[in-house]
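Asker: Encoded as structure tokens, here's the structure I'll be asking about.
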Amino acid sequence: MKYFVPLFLFIALCGSCMQEQDFNQFENLSIRPTITSSILYIETTEEFINSVVPGAFYAEEFNFDAFTEDFFAEGVLSGVLTYEVENSTSKTIEIVIELLDENGIVLDTEPILVEPAPPVFTKMVEIAYGPGGRSIDIIKNTSAIRVSAQNLSDDTSISNELDPKIILRSSGTFKVELK
């Protein structure tokens, strides 16, 4: 009998300290991962640029529905598009990048002026979208990317660099809320 009293007190105390568990908390869970991905990679040689009359030497539109996918478009909070251009040619080049909606309407434009080599010229441009940057709706509604490039120099000069070319790389880093 003397063992039952302490056991009874122990059970009574433990029972009063326990709370009912709420397993519906998952509904309130919010996950905000950062997603980083390459978007475009384009390169062209100085030989090709010289084969075209000075002026526009490149224009292409790329279908890009990744931004309009429901999980992304509904959850994207902010992001940065990064463009890196490397020029080892003797040419001054203007590159224009346009983000388009599904109807081909231009949502955003970024012109990038690229100086000639030598030395090899590298330019990096970062554009923020969301709080403190351009409207996040631009990203949510982008379904195509148009890239054009124009030679602002002559069509005869040749760089002293080995294998002279223009390279455009782009990537995006976005914070997305998943529910």
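Asker: In nm, what is the difference between 0.36 nm times the number of residues separating residue 124 and residue 158 and their Cα-Cα distance?
Answerer: Extending this stretch completely gives an extra 9.8 nm.
Asker: Still on this structure: Could you please state, rounded to a whole Å, how far the C-alpha centre of region 159-179 is from the C-alpha centre of region 77-92?
Answerer: First find each Cα centre; the distance between them is then 6 Å.
Asker: Modelled label-to-label distance, residue 66 and residue 92, 7 Å Cα→beta-carbon offset: nm?
Answerer: 3.4 nm
Asker: Hey, can you rank 32-45, 132-145 by average C-beta count inside 10 Å, highest first?
Answerer: 132-145, 32-45
Asker: Hey, which lysines would be in cross-link range of residue 165, C-alpha to C-alpha under 27 Å, not counting anything within fewer than 8 residues on its own chain?
Answerer: Counting by Cα, and skipping residues close in sequence, residue 165 has these lysines nearby: 91, 123.
Asker: Still on this model: Among the aspartates and glutamates, which fall within straight-line cross-link reach of residue 175, defined as a Cα-Cα distance under 13 Å, with same-chain neighbours fewer than 8 residues apart omitted?
Answerer: 74
Asker: Could you give the semi-axes, largest first, of the ellipsoid that matches region 30-176, computed as the square roots of 5 times the alpha carbon gyration tensor eigenvalues and rounded to whole Å?
Answerer: Ellipsoid semi-axes (Å, largest first): 32, 15, 11.
Rule-based calculations on the coordinates, nothing more; no lab input. Everything quoted here is computed from the prediction, not taken from an experiment. FYI the Cβ positions are ideal-geometry reconstructions off the backbone, even for glycines, and counts take in every protein chain you see.
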